[in-house]
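Structure, as structure tokens:
The values are calculated or read from the model by the stated rules, or taken from the named source; none is laboratory data. All of these numbers come straight from a predicted model, not from anything done at the bench. Every residue, glycine among them, receives a Cβ derived from its backbone with ideal geometry; neighbour counts consider all protein chains shown.
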Amino acid sequence: MLRLAVCDDSVLFLREMQEVLETDERVESVDVYENPENLMEDIDKGKTDFDAIFMDIELEKEENGIEYVKEIFRKAPEIPLIYVTGYHDRYAQQIFLNDANLAGYLMKPLDKEILGQYLDKICQMRIPKHMLSFSVKGKMHMIGADSVWYLESDNHRVLIHTEEQMYSVYDKLSNFQKQLPASFIQCHKSFLVNMDRIKHIEGNEICFPDGRRVPISKIHREKVKKSYFLHLGKRI
């Protein structure tokens with residue numbers, strides 16, 4: 001069941017979205033926000049369990065929805081964002097150039113069939129299709145591959161880095177590579193990176209939302225950049 005948020009300063013559109021979503025069997029809850037500042041306040045208070053946020057681009061504020069999405073991505077990069085707009089062409093460059101966990105855009109007026117397709121997509125994004133299993137000090141662990149930011153080879157150990165934890169496992173990086181989905185790419189002989197967790201690529205480094213960086217070796221540089229941009233295209 002999906003937990004969704006909708007932010008739009010049009011009361012009529014907000015009401016229409018709420019009515020459609022609340023009658024959908026895939027949806028558990030819908031939080032609606034006419035004012036984006038209220039949404040940001042809730043996120044600041046720790047309300048980050050949304051499965052997706054629908055954000056209007058044109059707001060009667062100094063900042064448009066794209067600026068708020070950038071702030072949401074900084075605070076809660078795991079939340080997929082879907083832009084809502086009646087003027088996609090006007091904002092195309094901003095949409096694709098700004099940092100966001102972008103899952104798509106929904107055009108106004110509301111097309112219920114397209115909205116349903118986005119709900120299907122969000123449901124699929126929630127399914128942990130790949131799991132990593134490993135032992136640390138004799139205790140077995142199993143975590144979703146989507147929660148892993150990157151893996152690092154360090155002598156005879158593999159360091160598994162997530163957002164909040166690091167697991168140290170006596171194993172080879174190549175053994176983990178067999179368990180990983182296609183969203184992971186080798187950027188260096190000592191690193192495997194989850195492309196879903198990348199904030200951006202800067203020079204010869206991969207940058208993550210919290211400031212961590214991973215090197216890209218010369219031999220992997222061209223493949224990494226090409227694979228990453230292809231991966232971004234598949235997510236839109």
Margin query: Any residue in segment 28-39 that is in the same structural domain as K61 (by TED's automatic domain parsing) sitting within a Cβ distance under 7 Å of a residue that is of a type in the set (D, E) and modelled with pLDDT of 95 or more? List the pairs, counting only those 6 or more apart or interchain.
Written below: V30/E22
Notebook entry, point to check: Name the pairs whose Cβ atoms lie under 7 Å apart, with the first residue in segment 178-199 and under 18 Å from G233 (Cα atoms) and touching a residue at least 24 places away in the same chain (Cβ under 8 Å), the second among the polar types (S, T, N, Q) and assigned to a loop (DSSP other than H, G, I, E, B), and 6 or more positions between them or separate chains?
Noted result: N194/S183; M195/S183; D196/S183
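Kindly indicate which of I198, I185, I216 is buried (at least 16 other Cβ atoms within 10 Å of the Cβ) and within 24 Å of F50 (Cα to Cα). Spell out the reasoning first.
Numbers: I185 fails: within 24 Å of F50 (Cα to Cα); I216 fails: within 24 Å of F50 (Cα to Cα).
Going through I198, I185, I216 in turn, the sole match is I198.
Could you tell me which of the residues L39, L21, L14 is in contact with a helix residue (DSSP H, G or I) (Cβ under 9 Å, 6 or more places away or on another chain), in a helix (DSSP H, G or I), over 21 Å from R126 (Cα atoms) and aliphatic (A, V, I, L, M)?
Going through L39, L21, L14 in turn, just one is in contact with a helix residue (DSSP H, G or I) (Cβ under 9 Å, 6 or more places away or on another chain), in a helix (DSSP H, G or I), over 21 Å from R126 (Cα atoms) and aliphatic (A, V, I, L, M): L39.
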Checklist line | Test: F176 is at pLDDT 95 or above, among the hydrophobic types (A, V, I, L, M, F, W, C) and not assigned by TED's automatic domain parsing to the domain that holds P77 | finding: no
Next item on the list: Select from segment 159-204 the residues that are within 24 Å of K139 (Cα to Cα) and acidic (D, E) and write down the one among them that is farthest from the chain's Cα centre (by Cα).
Entry: D171
Check: From G138, G203, G144, which residue is of a type outside the set (S, T, N, Q), within 21 Å of K225 (Cβ to Cβ), surrounded by fewer than 20 Cβ atoms within 10 Å (Cβ to Cβ) and not assigned by TED's automatic domain parsing to the domain that holds I72?
Finding: G203
Check: Just a yes or no: is a residue in segment 205-228 in a helix (DSSP H, G or I), within 17 Å of the chain's Cα centre (by Cα), modelled with pLDDT under 95 and not small (G, A, S)?
Finding: yes
Check: Can you name the residue in segment 153-182 that is among the hydrophobic types (A, V, I, L, M, F, W, C) and in a strand (DSSP E or B) and, of all such residues, is surrounded by the fewest Cβ atoms within 10 Å (Cβ to Cβ)?
Finding: M166
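Results for (1) modelled with pLDDT under 90; (2) not polar (S, T, N, Q), shown as yes or no for each residue.
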{"site": "L59", "(1), (2)": "yes, yes"}
{"site": "V69", "(1), (2)": "no, yes"}
{"site": "A76", "(1), (2)": "yes, yes"}
{"site": "R90", "(1), (2)": "yes, yes"}
{"site": "Q94", "(1), (2)": "yes, no"}
{"site": "N98", "(1), (2)": "yes, no"}
{"site": "K112", "(1), (2)": "no, yes"}
{"site": "I122", "(1), (2)": "no, yes"}
{"site": "M125", "(1), (2)": "yes, yes"}
